[in-house]
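S.K.: Encoded as structure tokens, here's the structure I'll be asking about.
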Amino acid sequence: QVQLVESGGGLVQAGGSLRLSCAASGSIFSINRMAWYRQAPGKQRELVAHITSGGSTHYADSVKGRFTISRDDAKNAVYLQMNSLKPEDTAVYYCNADINWHEIWGQGTLVTVSS
């Protein structure tokens with residue numbers, strides 16, 4: 001059974017930084033697109049950033065210039081470096097990946113940014 005496990009969430013003051021990690025485990029033959037989504041209280045889940053198997057990246061306008069997505073294929077992992085955090089970045093962050101041609105979601109990790 002393939003699964004994704006996130007880590008790195010927590011409480012941080014506005015202007016601070018956090019690094020989220022997500023590692024895939026199980027019988028993995030192929031990992032294509034990897035991404036981070038987030039869902040704030042009372043809002044729909046939204047795409048934060050994604051990275052293709054070739055390393056191309058895409059960011060939501062709200063995080064451009066502040067967040068960086070990266071991946072380590074040797075570790076089957078994806079990361080999200082979040083700098084200059086704002087209170088509006090508060091949300092549950094979910095890892096998402098196309099693994100073995102199936103879309104897999106992590107369980108989520110809470111990021112809280114205090115003002």
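The values are calculated or read from the model by the stated rules, or taken from the named source; none is laboratory data. Please read these numbers as outputs of a predicted model, since none were measured by experiment. Cβ: placed from backbone, ideal geometry, glycine included. Neighbour counts: every protein chain shown. For the accessible areas, the whole protein counts, side chains as well, though only heavy atoms, and no ligand, DNA or RNA atoms are used. Shrake-Rupley method; radii C 1.70, N 1.55, O 1.52, S 1.80 Å.
S.K.: Do we find a residue being hydrophobic (A, V, I, L, M, F, W, C), in a loop (DSSP other than H, G, I, E, B) and touching a residue at least 60 places away in the same chain (Cβ under 8 Å) anywhere in the range 25-37?
M.R.: So far as the range 25-37 goes, yes, one or more of its residues are hydrophobic (A, V, I, L, M, F, W, C), in a loop (DSSP other than H, G, I, E, B) and touching a residue at least 60 places away in the same chain (Cβ under 8 Å).
S.K.: Another one. Considering only strands (runs of 3 or more DSSP E) fully contained in the range 65-115, which possess at least 3 residues that are touching a Lys or Arg at 6+ places or on another chain (Cβ under 6 Å)? Spell out the reasoning first.
M.R.: Details: elements: 67-72, 77-82, 91-99, 102-105, 109-114.
Hits in the range 65-115: 91-99.
S.K.: Would you pick out the residues in the range 93-115 that are open to solvent by 40 Å² or more (accessible area, probe 1.4 Å) and either under 15 Å from the mean Cα position of the chain (by Cα) or not small (Gly, Ala, Ser) (or both)?
M.R.: Asp98, Trp101, His102, Glu103, Trp105, Gln107, Leu110, Thr112
S.K.: Can you say whether Ser62 is touching a residue at least 40 places away in the same chain (Cβ under 8 Å), part of a loop (DSSP other than H, G, I, E, B) and open to solvent by less than 70 Å² (accessible area, probe 1.4 Å), as far as the supplied structure shows?
M.R.: It is false that Ser62 is touching a residue at least 40 places away in the same chain (Cβ under 8 Å), part of a loop (DSSP other than H, G, I, E, B) and open to solvent by less than 70 Å² (accessible area, probe 1.4 Å).
S.K.: Any residue at all in the range 40-52 that is open to solvent by less than 70 Å² (accessible area, probe 1.4 Å), over 23 Å from Val2 (Cα atoms) and part of a strand (DSSP E or B)?
M.R.: no
S.K.: Does the range 81-92 hold any residues that are over 14 Å from the mean Cα position of the chain (by Cα) and either open to solvent by less than 40 Å² (accessible area, probe 1.4 Å) or charged (D, E, K, R) (or both), and which are they?
M.R.: Leu85, Lys86, Glu88
S.K.: Could we say that Ser84 is more than 18 Å from Ala14 (Cβ to Cβ) and not hydrophobic (A, V, I, L, M, F, W, C) here?
M.R.: no
S.K.: Report, by residue number, each residue of the range 1-24 that is under 14 Å from Ile104 (Cβ atoms) and open to solvent by 30 Å² or more (accessible area, probe 1.4 Å).
M.R.: Gln1, Val2, Gln3, Val5, Ala23
S.K.: Go through the range 25-36 residue by residue and tally those that are open to solvent by less than 40 Å² (accessible area, probe 1.4 Å) and either under 16 Å from Glu6 (Cα atoms) or within 14 Å of the chain's Cα centre (by Cα) (or both).
M.R.: Here the count works out to 3.
S.K.: Under 6 Å between Cβ atoms, which residue pairs at least 6 apart in sequence (or on different chains) link something in the range 1-22 that is among the charged types (D, E, K, R) with a partner that is surrounded by 14 or more Cβ atoms within 10 Å (Cβ to Cβ) and at pLDDT 95 or above?
M.R.: Correct list of pairs: Glu6/Cys22; Glu6/Cys95; Glu6/Gly106; Glu6/Thr109; Arg19/Gly8; Arg19/Gln81.
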